[in-house]
Amino acid sequence: MTGVVDWAEKYRPKSLSEVAGNPTAIRDLRRWADSWEHHPEKRAVVLSGPPGCGKTSAALALAADLGWTPVEMNASDARNATAVREVATRGATLQTFTATGEFVTARGGGRKLIILDEADHLFGNQDRGGVAQIVETVREARQPIVLIVNDYYALTRRSSSLRTLARQIKFQRLRNDAVAAALRRIYSAEGIEASDEVLRRIGERAQGDLRSAVNDLQTVAMGRKRVGEEDLAVLGARDREVEVFTAMREIFESGDAARARAATENLDQSPEDLILWIDENLPIAYRDPKDLAEGFRALSRADIFLGRVPRRQHYRLWAFASDLMTAGVAVARRGRWAGGQYRFPLWLAKMGRFRGTRATRGSLGAKVGRHVHLGSRGFLVEMLPAVRELFAQDPEFRVALTAACALDEKEVAFLLGEAEDSEAVKRVSAEAAKLAAHPEVRPRFMEEFEGDGG
């Protein structure tokens, strides 16, 4: 998914006036920044609140409004005193440059805005004084500092000094109307039509997390110029993807091959779909270039094995592919997990019109699984790729299966990888209807197929 532009970043506010919701917090942040014109009462502020409520966006927008140079550091990237000292302390005590490279002193109006994101993640034995270094940085700062946290208590319990050194500004979850208004601006900019009901439902589902809402918005809008309520089905499918997100966390965050492999053992995902989930989220979880390269190397080898399965009809190769895409990716990371919010594969959402929805997969699994003496999940995991290959390559098989299992046009379209209203789908359905009317001429090979699962 390297060619897809992330709308959450594309439409990040460029000014405080564009930040959705939290007017009181925005006003307090601007007042604190204005105090730097003289002598600030507090050299740092802590922006606290739940994910997706606009904390980081507000800090960056503030820098843009005032012409300050932002210096960002994510606490997940390097949780130790050395990194804090090198990036934050030096950035806060030295002078700055303009965007054109011109040297400007703090006294002359040039400033940096030091932004330490996920500051509440400075925990554990690997912290090595990170919180203490933040306190020292704030005390010595000659430039404004913004600490961004989800959990204010998690930060201040490590050092009570931060309660007095830094001012807390609380951000709240966004109201649904604020989220809908932000989504409406994005739809307008992208030239997409959507009803108020669509925006309302996306906003309600996000529960005040604008970033999640924008990600959902992009998911349902992929490949469309108009989004209706029926297109929200893909988000309904995501409600059932809790197990997949759990598996993503085990693969990317555990660093343990056995745990990563075990997380996908009972997952209702084919290897072809699972590799898309990992491909989508690998750049979110691994930021170190070496870790990212090793992760994609393991993933590419898994993809090679998956490609050999239909050509050689050797489905034991799935085991090699699964090990590479789970355990192989998990142990590829040597640095720290980069954080980030996992998301549904945009490619799957874009191709949903042609490959069917999760509801179609479920009905297909029930119909054909029952026919071959397997449960729905057993069929989807064990046989679906082989059946799709046969369905695409063998005209007689596709007609016979459609007739025997009473497949509808959505299910035929899913197996063929075609649009539901395509001529190919209509032709299969018509021929299957004729065959169903004369069951005595059913192909004999169907008896062998039906016996495979017994």
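The values are calculated or read from the model by the stated rules, or taken from the named source; none is laboratory data. Keep in mind it's a predicted model, so treat the numbers as computed, not measured. Cβ atoms come from the backbone with ideal geometry, glycine included; neighbour counts cover every protein chain shown.
Odds and ends about this structure:
- Yes/no for ARG211 being surrounded by fewer than 19 Cβ atoms within 10 Å (Cβ to Cβ) and part of a helix (DSSP H, G or I): no
- Close pairs from the stretch 138-156: first part of a helix (DSSP H, G or I), partner at pLDDT 80 or above and surrounded by fewer than 17 Cβ atoms within 10 Å (Cβ to Cβ), Cβ under 6 Å, at least 6 apart: THR156/ARG163
- Filter result for the condition that a residue is surrounded by fewer than 22 Cβ atoms within 10 Å (Cβ to Cβ), in contact (Cβ under 8 Å) with a residue 60 or more places away in the chain and either touching a strand residue (DSSP E or B) at 6+ places or on another chain (Cβ under 9 Å) or part of a strand (DSSP E or B) (or both), over ARG184, ARG167: ARG167
- So ILE169, is it modelled with pLDDT of 85 or more, among the β-branched types (Val, Ile, Thr) and more than 19 Å from ASN22 (Cα to Cα): no
- Within the stretch 278-318, considering residues that are charged (D, E, K, R) and free of Cβ contacts under 8 Å to residues at least 24 places away in the same chain, the one surrounded by the most Cβ atoms within 10 Å (Cβ to Cβ): ARG308
- Condition check for ALA206: within 17 Å of the chain's Cα centre (by Cα), under 24 Å from ALA25 (Cβ atoms), buried (at least 19 other Cβ atoms within 10 Å of the Cβ) and not β-branched (Val, Ile, Thr): yes
- Some residue of the stretch 353-370 being at pLDDT below 75 and outside any helix (DSSP H, G or I): yes
- The number of residues in the stretch 413-437 that are surrounded by 20 or more Cβ atoms within 10 Å (Cβ to Cβ) and either over 16 Å from ALA392 (Cβ atoms) or not assigned by TED's automatic domain parsing to the domain that holds PHE391 (or both) comes to 0.
- Cβ-Cβ distances below 7 Å connect the following pairs, each with a first residue in the stretch 238-259 that is closer than 21 Å to VAL220 by Cα, a second residue that is at pLDDT 85 or above, and a separation of six or more residues or different chains: VAL244/TRP277.
- Boolean, ALA258 is outside the structural domain of LEU415 (by TED's automatic domain parsing), modelled with pLDDT under 90 and either crowded, with 21+ Cβ neighbours inside 10 Å or charged (D, E, K, R) (or both): no
Results for (1) within 20 Å of ILE115 (Cβ to Cβ); (2) touching a Cys at 6+ places or on another chain (Cβ under 9 Å), shown as yes or no for each residue.
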{"site": "THR137", "(1), (2)": "yes, no"}
{"site": "ALA141", "(1), (2)": "yes, no"}
{"site": "VAL149", "(1), (2)": "yes, no"}
{"site": "GLN168", "(1), (2)": "yes, no"}
{"site": "PHE171", "(1), (2)": "yes, yes"}
{"site": "ARG175", "(1), (2)": "no, no"}
{"site": "ALA178", "(1), (2)": "no, no"}
